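Undergrad: This is the structure, below, for whatever I ask next.
Laboratory data are not the source of any read-out in this text; all were calculated from the coordinates shown. No experiment lies behind these values; they were computed from the predicted model shown. Counting neighbours? That spans all protein chains shown, and the Cβs are built from the backbone with ideal geometry, glycine included.
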Amino acid sequence: MDGNGRWAERRRRPRIIGHRAGARAVNVCIDFCLERGIRALTLFAFSSENWGRPQEEVGALMKLFLNALDREVEELDRRGVRVRFIGERERFGPGIRERMHAAEDQTRGNTRLDLVIAASYGGRQDIALAARSLAADVAAGKLRPEDIDEAAMAARMALFDLPPPDLFIRTGGDQRISNFLLWQLAYTELWFTELLWPELDAATLQRAVDEFAGRERRFGLTSAQVADAATENSQA
Ligand code: FPP
């Protein structure tokens, strides 16, 4: 969700006005997923590194989170959205932590869309925590080192119960992953746009999905193998 600050600066407004506009764009994205039957959406709302921003901006963002949680959860629940947070939640104040917990509790039974908010999240931290959890089981004699494989790691990571993302969309013109879901993005298709996050609309999201649909995903295989597998699947 990149470009909120620049969106505001271009209008000679404080950066937090850009974040407010960014919060509105979140709804555009959720609406798009619900309308098209997209079952999982993970938003990178606040990285582990974002805590280092000026105190004033961090404080204003926390207020924005609180308000968004108070305002939106009822409606998300009504629309069948299951809300979940990933990241170091201990770093947030008690008010936000309570609301995160309440939002997850209230929406736990919903199945239309899994909405994951990555907050105080870092991809490297996600991998390190999974490694730590496996190491603790080895130390306790519950697991042998030779049992640690990709599946064992994946089972301890955030999003362990969701398929890896198909499509990664970054707004704001920069072409990098910036410590998002490093493990989970191994075979994800990447799509970048110069548009700033508050400018995101359904037409842009549709463009991303259309381009995604035209790409050949080989997962390390050859084009011929992928074509054969597609034929087999269509005959099955
Ligand atoms: C990146 O833009 C955006 C953020 C660091 C914060 C995004 C958070 C929200 C919009 C709050 C509401 C969200 C939810 C899910 C409740 P930037 O500040 O890095 O923009 P810049 O690159 O133009 O400076």
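Undergrad: At a threshold of 8 angstrom on Cα-Cα distance, excluding pairs fewer than six apart, so keeping six or more, what relative contact order does the chain reach in percent?
TA: 24
Undergrad: Then there is this: Report, in debye and to the nearest 20, how large the dipole of the stretch 44-111 comes out about its Cα centre when Lys and Arg carry +1 and Asp and Glu carry -1 on their Cβ.
TA: Numbers: 12 positive and 13 negative charges, 34 e Å.
I would put it at about 160 debye.
Undergrad: I've got another one for you. From zero up to wherever the largest Cα-Cα distance of the chain sits, split into 5 Å bins and tell me the percent of pairs in each.
TA: 1, 6, 11, 16, 18, 17, 13, 8, 5, 3, 1, 0
Undergrad: Rg over Rh of the stretch 51-98, using C-alpha atoms and the Kirkwood radius, what does it come to?
TA: Here Rg/Rh amounts to 1.02.
Undergrad: While we're on this one: Under 10 Å, Cα contacts only: if you run a Gaussian network model on the chain, which one of Arg215, Arg15, Arg108 comes out with the highest mean-square fluctuation?
TA: Highest fluctuation of the listed residues: Arg215.
Undergrad: Still on this structure, I have one more. Tell me, what HN-Hα J-couplings in whole Hz come from the Karplus equation 6.51 cos²θ - 1.76 cosθ + 1.60 at θ = phi - 60° for each residue of the stretch 156-164, using x for Gly and Pro?
TA: Here the 3J(HN,Hα) series is 9, 9, 4, 6, 4, 9, 10, x, x Hz.
Undergrad: Would you mind telling me which residue in Ser223, Ser178, Ser47 has the biggest mean-square fluctuation in a Gaussian network model of the chain, where springs connect alpha carbons within a distance under 10 angstrom?
TA: Maximum fluctuation in the GNM of the chain, among the listed residues, is at Ser223.
Undergrad: Would you compute, from DSSP H runs of 4+ residues alone, the mean residue ellipticity of the chain at 222 nm, taking -39500 (n - 2.57) per run and dividing by the full residue count, rounded to the nearest 500?
TA: Taking each H run of at least 4 residues, the total per residue is -16000 deg cm²/dmol.
Undergrad: Another one. Using a simple charge model, +1 on the beta-carbon of Lys and Arg, -1 on the beta-carbon of Asp and Glu, nothing else, what dipole does the chain show about its Cα centre, in debye to the nearest 20?
TA: I would put it at about 820 debye.
Undergrad: With Cβ to Cβ distances under 12 Å as the rule, what net charge do the other residues near Glu104 carry (K, R +1; D, E -1)?
TA: +2
Undergrad: Also: Need one number for the stretch 27-85: average projected area of the convex hull over its C-alpha atoms, nm². If you can, show how the numbers build up before the last one.
TA: Details: hull surface 18.2 nm².
Projected area, direction-averaged: 4.6 nm².
Undergrad: Next up: Would you tally the net charge around Arg13, using a Cβ to Cβ cut-off of less than 14 Å, leaving Arg13 out, and scoring K and R as +1, D and E as -1?
TA: Net charge in that neighbourhood comes out at +4.
Undergrad: Stokes-Einstein D for the stretch 1-123 at 20 °C, 1.002 mPa s, Kirkwood Rh over Cα pairs, in µm²/s? Walk me through the numbers on the way to the answer.
TA: Numbers: Rh = 15.0 Å.
Estimated diffusion coefficient is 143 µm²/s.
Undergrad: Could you list the square roots of 5 times each eigenvalue of the Cα gyration tensor of the stretch 130-207, that is, the equivalent ellipsoid semi-axes, sorted largest first and rounded to whole Å?
TA: Equivalent ellipsoid of the stretch 130-207: 36, 11, 9 Å, largest first.
Undergrad: Ok, one more. So which residue, out of Phe219, Phe192, Phe32, gets the largest mean-square fluctuation from a GNM of the chain using Cα contacts under 10 Å as springs?
TA: Evaluated over the chain, the most mobile residue of the options is Phe219.
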